[in-house]
Amino acid sequence: MANIENLRRGRSRPGIARTILPDECVAPVPDPPARAESWTDDQLSRWVELWRGPSANLWDDAARGMVALLVELESLGTNVNAAQLTEVRRISETLLLTPGSLSAAGYALPGWPE
């Protein structure tokens, strides 16, 4: 899943000042949790992708658990139940990985409509 493409679409909210985030987070990618020893290469790649994304500029170490859970749930693909799908959506919004949640929190990416 490439949330960066969704984020680039942006949401226009006229009259609301937003802080423009960098396109990428340059902070060091934290080590995944110990349980990641059983993760696939795709899961490890997704971990890095999420921590390199623009929203990661707003995260601290406390986000590690949610990011790990998101990676694990996303890796289930279409084998998720309704509760797991709801959790993926909730985590994505909490981590500001959707255009709506990012915009509602007062942030934008370069190139978003004014």
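The values are calculated or read from the model by the stated rules, or taken from the named source; none is laboratory data. Bear in mind the structure is a predicted one, so any value in this text is a computation, not a measurement. Counting neighbours? That spans all protein chains shown, and the Cβs are built from the backbone with ideal geometry, glycine included. Keep in mind that these areas ignore ligands, DNA and RNA; they rest on the heavy atoms of the full protein, side chains included. Shrake-Rupley method; radii C 1.70, N 1.55, O 1.52, S 1.80 Å.
Miscellaneous remarks
- Helix axis angle, 41-52 relative to the chain longest principal axis, alpha carbon, degrees: 30
- Approximate spin-label separation residue 78-residue 52, in nm, with each point projected 7 Å along Cα-to-Cβ: 2.9
- Report note on the peptides 46-59, 79-92, 99-112: ranked by the mean count of other C-beta atoms within 10 Å, highest first, their order is 46-59, 99-112, 79-92.
- Taking 0.36 nm per residue of separation and subtracting the Cα-Cα distance, full extension of the segment from residue 36 to residue 64 would add 8.9 nm.
- Leading residue at positive end of dipole, the chain (Cβ point charges), from 28, 62, 17: 17
- Taking amide H as placed 1.01 Å from N in the peptide plane, residue 108 has its amide H under 5 Å from the amide H of 19, 20, 21, each at least 5 places away in sequence or on another chain.
- Protein heavy-atom accessible surface, 1.4 Å probe, per residue over the chain: 58 Å².
- Accessible surface of the range 41-114 [probe 1.4 Å, protein heavy atoms]: carbon and sulfur percent: 53
- Mean separation of Cα contacts under 8 Å (6+ apart) over length of the chain, as relative contact order %: 49
- Using the rule -39500 (n - 2.57) for each DSSP H run of four or more residues, divided by the residues of the chain, the 222 nm mean residue ellipticity is -12500 deg cm²/dmol.
- Each listed q (0.12 Å⁻¹) maps to a log10 I(q)/I(0) for the chain from the Debye sum over equal C-alpha point scatterers, namely -0.43.
- Rounded to 10°, Cα long-axis angle of helix 64-74 versus longest principal axis of the chain: 80
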